Amino acid sequence: MADHAQTATADGHPDMDYAEHHRTYDRFIAFSKWTIVAIIVILALMAFFLV
């Protein structure tokens, strides 16, 4: 029969770079936050100058 043993250790899979994953996620969240802020500012400026 197939061996279904878990390969993950207590700290996660040994081949994964979890620190880099966390840095990438933090950068993604920061980029998303500042993009939303920029869109809100652009919409506010459009409402002010175009209406």
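Data for the structure
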item: Estimated distance in nm for a label pair at ALA30 and VAL51, the labels positioned 7 Å out from Cα along Cα-to-Cβ; result: 3.4 nm
item: Charge context of ASP26, other residues only, Cβ under 12 angstrom, K/R +1, D/E -1; result: +2
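None of the figures in this text is laboratory data; all of them are computed from the coordinates on show. All values reported here derive from a predicted model rather than from experimental measurement. Every residue, glycine as well, gets a Cβ built from its backbone with ideal geometry; the counts of neighbours run over all protein chains shown.
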